[in-house]
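The values are calculated or read from the model by the stated rules, or taken from the named source; none is laboratory data. The model shown is predicted, which means the values in this text are computed figures rather than measured ones. Using ideal geometry, Cβ is built from the backbone for each residue, glycine included, and neighbour counts are taken over all protein chains shown.
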Amino acid sequence: MSEDGKVLVLVLSGQDNIGTALRDLPRGTVLRVEERGNLEVIVADEVPFCHKVALRDIDAGSPIVKYGEVIGYASRAIPGGGLVHVHNVTCDRGHLRVAAGGGRGEK
Amino acid sequence: MTEFWGYRRPDGSVGVRNHVAIIPSVYCANHVARRISEQVAGTISISHQVGCSQVGADFELTAVTLGNVGCNANIAGVLVVGLGCEKFRASELAERIARSGKPVEVISIQDLGGTPQAIEQGTCIAQAMVQGFSTQRQQKIDASALIVGLKCGGTDATSGIAANPAVGIASDKLISCGATAVFCELTELYGTEELLARRACDERVAAEIRGAIADMERNVSILTGDETYASRRELLAAGNIEGGVTTIVEKALGGMCKAGNARLQGVLDYGSAPPGKGLYLMKTKGHDSESVTGLIAGGAQIVLFTTGRGSPAGSAVSPVIKITGNPRTFERMVANMDINAGTVMEGTESLESVGSRIFDEVLAVASGKRTKAELLGHTELFSIPRVGAYGMVV
């Protein structure tokens, strides 16, 4: 919640470890995450409108959870308040290792 | 009782528009078809890249799809324009469309002696058809006659938070009125297969959902696995990434929201009509033109199209309603956007309220309200997929 009473970050599900910025969030912005009992998160990187911000530290290799589902994995450690996006997240869906000859793929 | 004003067709289907369509059987007839349509107000023309140099499953998909498009209830009558030497005979296309009971005429460019003669003859035929249908009046029709296509394109992170969930609410409401909703784009559903399978009406449909998504993912993985094209592996578009979408699964979970919470009644082949009412998944790739063409071939009279980044594209056959969940996009591209779901991002409106507005808009458009895309003349969304080796739809 900002000084003007507007909500700054939206968390869609109880299992999510990221929130979505409802406006451009400069570094240093203090977020109070309503959905986490007003947990205080200090924005560590500039997070543009509708991009994702980590609600807590996320270890390298850990799942990124949005909508209560795993959307990918951290490719490096992400601090709480950090921008979560293509530079630090991987996802292997759509890139199955497909056997030669067009057989069914395996992940 | 939820109703709209529609046009009854001979086969009992109902259109929300009363087009006379000029349809080429082969791409060589595209220009003549377009010129005829330019001459006669009240016609639409279709342009495509198929109809010749095709065999097997690829040829069959073209024939069935073009035929089904001609059968769409928004089209009152059809003039088929053939060249004369093509694989896909104009007479076959005409026969497929005539199964709907609507009037179909055929001209052949080579038989008539070339472009000017074909345009002249086509103009006379189209003029008579349009005048005939111009006396048809709309009737009060139950909303259950509607088949609404659900699409997203130019996705950003607001799509999965605002626009798609609002469409999902509208879709559920339409289904509760007895109508049908069809979503599609298997390339945009990786990661949702179990969530969707759980909503299947029976185990057979659940297996079809899992199988359809898995088949598409395998086919795409064959392409992305080719090291020669390592720089072309990214599944997301630049606009998706710039708009805050990070992975294909994130995009899929957001995209799935437009299908609301209704039970899934079945999985449809590309361009096929749903066998009953309710929610269906159609097997299309995440290609806007191909998807909308497939939905229209399957009978969709209206398409709900969410777009975070701002796609202006429309269809000549079925009105496309544009919904954006990005308030900045709505403000900048208000000439292209019908519904602003960005109010949800701003915290000034609930999803339920936006969903209700979308539901109302569907009925208004069904009864004749023109969409922004129609008014600006957008007709990009027509293309038919090709079938390549091993039956892979490319």
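State whether one or more residues within segment B:171-184 are in contact with a Phe, Trp or Tyr (Cβ under 6 Å, 6 or more places away or on another chain) and more than 11 Å from chain A (Cβ to nearest Cβ).
Yes, there is a match, as at least one residue in segment B:171-184 is in contact with a Phe, Trp or Tyr (Cβ under 6 Å, 6 or more places away or on another chain) and more than 11 Å from chain A (Cβ to nearest Cβ).
List the strands (runs of 3 or more DSSP E) that sit entirely inside segment A:10-107 and contain at least 2 residues that are facing chain B (nearest Cβ under 9 Å) and in contact with a Ser or Thr (Cβ under 6 Å, 6 or more places away or on another chain).
Details: elements: A:18-21, A:30-33, A:39-42, A:52-54, A:63-66, A:69-74.
The strands (runs of 3 or more DSSP E) meeting that bar are A:69-74.
Within segment B:7-21, can one find any residue that is touching a Ser or Thr at 6+ places or on another chain (Cβ under 7 Å), of a type in the set (D, E, K, R) and closer than 28 Å to B:ALA389 by Cβ?
For segment B:7-21, residues touching a Ser or Thr at 6+ places or on another chain (Cβ under 7 Å), of a type in the set (D, E, K, R) and closer than 28 Å to B:ALA389 by Cβ: absent.
For residues in segment B:317-344 being farther than 26 Å from A:ARG23 by Cα and either acidic (Asp, Glu) or out of contact with any Phe, Trp or Tyr (no Cβ under 7 Å at 6 or more places or on another chain) (or both), which is surrounded by the most Cβ atoms within 10 Å (Cβ to Cβ)?
Here the answer is B:SER318.
Check B:GLY368, B:GLY299 and return the single one that is of a type outside the set (Phe, Trp, Tyr) and surrounded by 21 or more Cβ atoms within 10 Å (Cβ to Cβ). Lay out the reasoning, then the answer.
Numbers: B:GLY368 fails: surrounded by 21 or more Cβ atoms within 10 Å (Cβ to Cβ).
Only one candidate passes the filter, namely B:GLY299.
Condition check ((1) in contact with a helix residue (DSSP H, G or I) (Cβ under 8 Å, 6 or more places away or on another chain); (2) polar (S, T, N, Q); (3) exposed (fewer than 15 other Cβ atoms within 10 Å of the Cβ); (4) at pLDDT below 95) across all residues:
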site	(1), (2), (3), (4)
A:ALA44	no, no, no, no
A:VAL47	no, no, no, no
A:LEU55	yes, no, no, no
A:ASP59	no, no, yes, no
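Assess whether B:GLU86 counts as being over 19 Å from the mean Cα position of the chain (by Cα) and assigned to a helix (DSSP H, G or I). Explain how you work it out, then say what you get.
Working: over 19 Å from the mean Cα position of the chain (by Cα): yes; assigned to a helix (DSSP H, G or I): no.
No, not satisfied.
Which pairs turn up if I take residues in segment B:206-230 that are closer than 14 Å to B:GLY286 by Cβ and look for partners that are in a helix (DSSP H, G or I) and at pLDDT 95 or above with beta carbon separation below 6 Å, at least 6 apart in sequence or on another chain?
Within 6 Å, the pairs are B:ALA212/B:LEU186; B:ILE213/B:LEU186; B:ILE213/B:GLU193; B:MET216/B:LEU186; B:MET216/B:THR187.
Out of all the residues in segment B:234-247, which are more than 7 Å from chain A (Cβ to nearest Cβ) and surrounded by fewer than 19 Cβ atoms within 10 Å (Cβ to Cβ)?
B:GLU234, B:ALA237, B:ALA238, B:GLY239, B:GLU242
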